[in-house]
Structures are given as C-alpha cells and as structure tokens.
C-alpha cells in the first residue's frame, strides 16, 4: 500500500474480547508516525486479542474483513462484523478490549490520533 493510498484511506475514514490467559495479541507494525498521528498495520488471527483501551476517534480501514467482539469494563460484549474495503471512525466512548471471534484472519490499517 502506498503512502498516497494510506492518506486517501485516512481522508475517507476503527477498531480493533477480553484477554484470556492463553490468547495471543494481534500483530502490529507502525507504518508511519509524527507528532499528531500514528498509522498501524494490524493482523489478528482468529482468537487474537487487543488490550482494553479507549479508541474514540481512531479510524480503521479493513483490508480483509472479519468479526470482532468488543468487551467493555463492565463485562458487556458487542459483536461487530466488518467487510473488506470498509472504513470506520470509532464513536464508542467507553474503553474496550477486542477479540477476533471469526474464523478468518483480520487485516486492517488503524489511524490513531495522538492526544
């Protein structure tokens, strides 16, 4: 993916279950970063998790789709399917952990504004 494509995705525009003891963390790679934003390549195999965090304002672009499960601090869960090519800006105001509960590997680009 070219820098121009990443900028287009950012302009067009989030994501990314609870963390069981044996769950694997998603694989991440910082693609670009400055004092205002970080762009991260994220790959989550089925069962992979992402730590509890506030993601409000983050944007995601789905390279391959899949199904996420969000788990909130109070234990409530929300399942969110995403399709390849879909872009979204996270509007959820509560921190949550994520887990790939689908059967396919999820690949996305995440745009994180620095606060």
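The figures follow:
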{"item": "Matching residues, the range 50-65, being out of contact with any helix residue (DSSP H, G or I) (no Cβ under 9 Å at 6 or more places or on another chain), assigned to a strand (DSSP E or B) and more than 12 Å from residue 106 (Cβ to Cβ)", "result": "51, 52, 53"}
{"item": "Count of the range 87-115 residues which are farther than 21 Å from residue 25 by Cβ and either at pLDDT 95 or above or not in a loop (DSSP other than H, G, I, E, B) (or both)", "result": "4"}
{"item": "Residue check, residue 19 modelled with pLDDT under 90 and assigned to a loop (DSSP other than H, G, I, E, B)", "result": "yes"}
{"item": "Test: residue in the range 66-86 that is within 21 Å of residue 32 (Cα to Cα) and part of a strand (DSSP E or B)", "result": "no"}
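The values are calculated or read from the model by the stated rules, or taken from the named source; none is laboratory data. Remember, predicted model here, so these are calculated numbers, not experimental data. Positions of Cβ are generated from backbone atoms using ideal geometry, with glycine treated the same way; all protein chains shown enter the neighbour counts.
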